[in-house]
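Novice: Here it is, the structure in full.
Every number in this text was worked out from the coordinates using simple rules, so none of it is lab data. All values derive from a computational prediction rather than experimental measurement. In this analysis, Cβ positions are derived from the backbone assuming ideal geometry, glycine residues included, and neighbour counts consider all displayed protein chains.
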């Protein structure tokens, strides 16, 4: 940007690399950072570098962890017979906040997307099949996003896993609590109808 510091411009351009941050948001963030006390800026930069250098993928499930085995995989109190398959490591945090799931996880690291050139071989599926080979897991819950890609991935996994004698389930999709029918799209309503339960 003409008339501004080279360093400020570089900071704005760097902040724009973050998802969902456009030029104006990056500028607001940059000016906010410049107003922060030096200690807080140092703390922020250290946290960024530490996170990048010290966080690794769990060798078992693919979750993000400070250690080679994550805290979930290290927890012996969890149900060894149920495995929840998620798209990304961030999904584990969402599931854990819910507090209703006591099994283990497996991170696919994406989903099948022919448009983006992502096939099954690009996902963390081989290690999933290896885990199933132990014979301990009785149920796989597929918790991929309710998108075309997420559905395609769920169908692919189901066809791959069912012949192994493992029960394959899919999380239900439907209307959110407090939502109105008039604002729901047809696909969501259809899913809600298909996933109906007896009361």
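Novice: Output the relative contact order of the chain, whole-number percent, from Cα pairs under 8 angstrom with separation of 6+ residues.
Specialist: Here the relative contact order equals 13 percent.
Novice: Right, something else. Angle, helix 23-35 long axis vs. longest principal axis of the chain, Cα atoms, 0 to 90°, nearest 10?
Specialist: Taking Cα atoms only, the helix is inclined about 60 degrees.
Novice: Right, another one. Over region 79-170, what relative contact order in percent results from Cα pairs under 8 Å that are six or more residues apart?
Specialist: 32
Novice: Also, I was wondering about something else. With 10 angstrom as the radius, rank 118, 142 by how many other C-beta atoms surround their C-beta, starting from the fewest.
Specialist: Least to most surrounded, the residues fall as 118, 142.
Novice: Then there is this: Using only C-alpha positions, report the orientation-averaged shadow area of the convex hull of region 41-99, nm², one decimal.
Specialist: About 5.1 nm², averaged over all directions.
Novice: Expressed as an acute angle from 0 to 90° and rounded to the nearest 10, what is the orientation of the C-alpha long axis of helix 6-15 relative to the principal long axis of the chain?
Specialist: 10
Novice: Another one. If you line up the Cα atoms of region 1-89 on their principal axes, what length do they span on each, largest first, in Å?
Specialist: Principal extents (Cα only, largest first): 62, 27, 16 Å.
Novice: Using a Gaussian network model on the chain with a 10 Å cutoff between Cα atoms, which of 131, 97, 78 fluctuates the most?
Specialist: 97
Novice: How do the peptides 66-73, 28-35, 79-86 rank, highest first, by the average count of neighbouring beta carbon atoms within 10 Å per residue?
Specialist: Taking the mean over residues of other Cβ atoms within 10 Å, the ranking is 79-86, 66-73, 28-35.
Novice: For the chain, modelled as a Gaussian network with Cα springs under 10 Å, which listed residue fluctuates most, 177, 112, 94?
Specialist: Of the options given, 177 has the highest mean-square fluctuation.
Novice: Another question, if that's okay. Among the DSSP beta bridges whose two residues both lie in the chain, what percent are antiparallel, rounded to the nearest 5?
Specialist: Restricted to the chain, the bridges split so that about 20 percent are antiparallel.
Novice: Go through (i) 57, 37, 35; (ii) 46, 39, 28; (iii) 65, 47, 36 and flag the label whose value is the computed Cα extents along the principal axes in Å for this structure.
Specialist: So the structure-derived entry is (iii).
Novice: Given region 79-170, what percent of its DSSP beta bridges are antiparallel, to the nearest 5?
Specialist: That works out to approximately 5 percent antiparallel.
Novice: If the viscosity is 1.567 mPa s and the temperature 4 °C, what translational diffusion coefficient in µm²/s does Stokes-Einstein give for region 140-192 when Rh comes from Kirkwood over Cα pairs?
Specialist: Rounded, D is 105 µm²/s.
Novice: While we're looking at this one, here's another question. If you average the alpha carbon positions of region 39-87 and of region 100-158, how far apart do those two centres end up, in angstrom?
Specialist: 19
Novice: Let me ask something additional. For region 79-170, state the average projected area of the convex hull of the C-alpha atoms over all orientations, rounded to one decimal in nm².
Specialist: One quarter of the hull surface, i.e. the mean projection, equals 5.6 nm².
Novice: May I pose another question? Using only the alpha-carbon atoms, how far is helix 148-161 inclined from the longest principal axis of the chain? Give it as 0 to 90 degrees, nearest 10.
Specialist: Once rounded, the angle reads 40 degrees.
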